[in-house]
Amino acid sequence: RMGVAPSQEGVVDLADFRRALAKLSEEQREVLIMVGVSGISYEEAAEICGVAVGTVKSRVNRARNKLAELLGIMDPAEIGPDRNT
């Protein structure tokens, strides 16, 4: 049998993610959304923000690490459905 995760867990996870995202600095949130969600390249994000590419990479890395910390994620294997689903 194939199990399906209850839908309410997804709603709670999304709410947790939104709260954590809101706790990031505006600069980190901006580049994380540009690169991670919109698919903009680091180079394009750097041009839009008026900063060096290395600055964008640093901000994205710090934002990802901070999100993981805020969400209590210690291992990437913890992300997504469990083995039963």
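The values are calculated or read from the model by the stated rules, or taken from the named source; none is laboratory data. What you are looking at is a predicted structure, and each value in this text was computed from that prediction instead of being measured. What goes into the accessible areas is simple: the full protein's heavy atoms, side chains included, and nothing from ligands, DNA or RNA. Shrake-Rupley method; radii C 1.70, N 1.55, O 1.52, S 1.80 Å.
Among the residues making up the stretch 31-48, those that are open to solvent by 40 Å² or more (accessible area, probe 1.4 Å) and in a helix (DSSP H, G or I) are Ile33, Gly36, Val37, Tyr42, Glu43, Glu44, Glu47, Ile48. Across the stretch 6-27, not a single residue is classified as modelled with pLDDT of 95 or more, acidic (Asp, Glu), over 17 Å from Glu69 (Cα atoms) and over 16 Å from the mean Cα position of the chain (by Cα).
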